[in-house]
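The values are calculated or read from the model by the stated rules, or taken from the named source; none is laboratory data. Values in this document were obtained by computation on a predicted structure and should not be read as measured data. Neighbour counts are summed over all protein chains in view; Cβ atoms, including those assigned to glycine, are modelled from backbone coordinates with ideal geometry. All accessible areas refer to the heavy atoms of the entire protein, side chains included, with ligands and DNA or RNA removed. Shrake-Rupley method; radii C 1.70, N 1.55, O 1.52, S 1.80 Å.
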Amino acid sequence: MDQKLKIGITCYPSLGGSGVVATELGKLLAEQGHQVHFIANSIPFRLGTFQKNIFYHEVEVNDYYVFRYPPYDLSLATKMAQVAKSQQLDLLHVHYAVPHAVCAFLAKQMVGDGLKVVTTLHGTDITVLAQDESLKDLIRLAINESDAVTAVSQDLIRETVELLDIQRPIDLTYNFIDKRIYYPRDAASLRRDFAAPDEKILMHISNFRPVKRTQDVVEVFRQVQEQVPAKLLFVGEGPDLPKMQWKINDLGLNDKVHFLGKQDDIAQVISMADVLMLPSEKESFGLVALEAMACGVPTIGSQAGGIPELVLHGKTGYLSAIGDTQSMAENTIRLLTDDRLAAEFREACLQRAHHDFCNDKIRREYEQIYYRVLGREVPNLKPVCG
Ligand code: GMT
């Protein structure tokens, strides 16, 4: 029997860490010889150039005039079923429960039990949406009806079980980095565009939603720059941008803060930083902290959600209570003023990211789950990172 699989992947194609994880996973699976079919409303932004074994199926929404809200979810479910039948998919792997896991459940009803469904929970699909009484029962159904469910941290598993009273097992599959892309890049000349030689660089990368607490980033920076020559670089875009700009203006920090907008080559951009700031209110994992870690950059963050599973306090960064900007500032100053400590943290970051969260290791964990739900023996998979 052919051991290679035919896998349908659905994710949010144009934003967020869940889309990045899903797309990068699809690329890694295709490299292993599996056939990967992305089913989404647009081409995933991280897909890049042509790659063998990768296919894209666009969902077209029926906007018949009687619909006030064209039913994207139904079109997606139908497309999943069509692709599963025509391509003889073994399974659908859906990222983010709402609505993807529900659509996969519907597709399975149309195709039959032979089609397996693996659902990966990423964060606010549980921590925010599963708190909403109007969605709770639907999310519980989709989780219970999936053939396997994975979550990106122990903390997210705990919260899922507690919030939805889930009895079934949930597999832990952490986020990962592709070590061929995420390594310390030479950023010396880029740095000169933003900071003088004696200045340190603090960086925050996100979608600037309230949950990211970008105001805390500004407040920490205010305290840090009083004692250490420094610049703050914001990367991304989002709803809190005007509030951040007002606060920076109010504090008279305009000359010390740069907004870089959305950036694609995150490894190159992060390599400019001395520390990454992640003071989130909720964060099921914190992919950006892993990306920074893989480039040798420690994180100053909060103890929210799954961050402590990734960032080892006192080794690869420092974590404080949510909103404790004074402690975050003290920790940042400690790191920025002690070169020996900074070098130790950098080495620990590289070791941890490239060994514990490397692409091959996590890809293999997903493959093992796929073979398990299909009731097939796991083939001798290639060795994982050293
Ligand atoms: O849950 C979200 O807010 C969206 C989601 C995304 O698509 O970016 O982010 C979550 O998934 C990422 C990938 O697994 C995690 O690294 C992020 O920590 C997580 N975000 C939150 O929990 C806020």
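Using a probe radius of 1.4 angstrom, the carbon and sulfur fraction of the accessible surface of the chain is 49%. Remark: the range 1-159 carries a charge dipole of roughly 360 debye about the Cα centre, counting +1 on each Lys and Arg Cβ and -1 on each Asp and Glu Cβ. Please tell me which of these pairs span more than 25 angstrom C-alpha to C-alpha: Lys108/Lys282; Lys6/Lys27; Lys27/Lys116; Lys52/Lys79; Lys179/Lys256? Those over the limit are Lys108/Lys282; Lys179/Lys256.
Answer rounded, prolate or oblate for the range 188-356, using the Cα gyration tensor with square roots of eigenvalues a ≥ b ≥ c: rounded when a/c is under 1.5, else prolate when a/b is larger than b/c, else oblate. Here the range 188-356 falls in the rounded category. Normalised by the number of residues in the range 188-356, the average gap of Cα pairs under 8 Å and 6 or more apart makes the relative contact order 22 percent. Restricting the range 204-301 to trypsin sites (Lys or Arg not before Pro) that sit in a DSSP loop and have at most 13 other Cβ atoms within 10 Å of their own Cβ leaves Lys262. Scattering from the chain was approximated by placing one identical point on each alpha carbon and applying the Debye formula without solvent; log10 I(q)/I(0) at 0.09, 0.11, 0.15 1/Å stands at -0.54, -0.80, -1.32.
Dividing the convex hull volume of the alpha-carbon atoms in the range 27-126 by its residue count gives 124 Å³ per residue. The longest stretch of the chain left intact once loop-based chymotrypsin sites (Phe, Trp or Tyr not before Pro) with at most 12 other Cβ atoms within 10 Å are removed from consideration, loops following DSSP, is 68-386. Amide hydrogen proximity for Ala40: with H placed 1.01 Å from N in the peptide plane, the residues at 5 or more positions away or on another chain lying under 5 Å are His57, Val59. Could you give the angle, 0 to 90 degrees to the nearest 10, between helix 100-111's Cα long axis and the longest principal axis of the Cα atoms of the chain? Helix 100-111 and the main axis of the chain meet at about 10 degrees. Averaged per residue, the chain has 44 square angstrom of accessible surface, using a 1.4 angstrom probe with ligands and nucleic acids left out. Residue ranking by accessible heavy-atom surface, 1.4 Å probe, largest first, among Ser327, Ser153 comes out as Ser327, Ser153. The GluC sites (Glu not before Pro) found in the range 334-381 that occupy coil by DSSP, while having at most 14 further C-beta atoms within 10 Å, are Glu377.
Taking all protein chains as they are arranged and a probe of 1.4 Å, the heavy atoms of Glu145 leave approximately 90 Å² accessible to solvent.
Among the GluC sites (Glu not before Pro) within the range 198-230, those in coil by DSSP and having at most 16 neighbouring Cβ atoms inside 10 Å are Glu199, Glu226.
Applied to the range 304-313, the Karplus parametrisation 6.51 cos²θ - 1.76 cosθ + 1.60 on θ = phi - 60° returns per-residue 3J(HN,Hα) values of 5, x, x, 4, x, 6, 9, 8, 8, 4 Hz, with x for Gly and Pro. For the range 356-362, putting each phi into the Karplus relation 6.51 cos²θ - 1.76 cosθ + 1.60 with θ = phi - 60° gives couplings of 7, 10, 7, 3, 5, 5, 6 Hz, in residue order, rounded to whole numbers and with x for Gly and Pro. Computed over the chain, the per-residue total of -39500 (n - 2.57) for DSSP H runs of n ≥ 4 gives a 222 nm mean residue ellipticity of -12500 deg cm²/dmol, rounded to 500.
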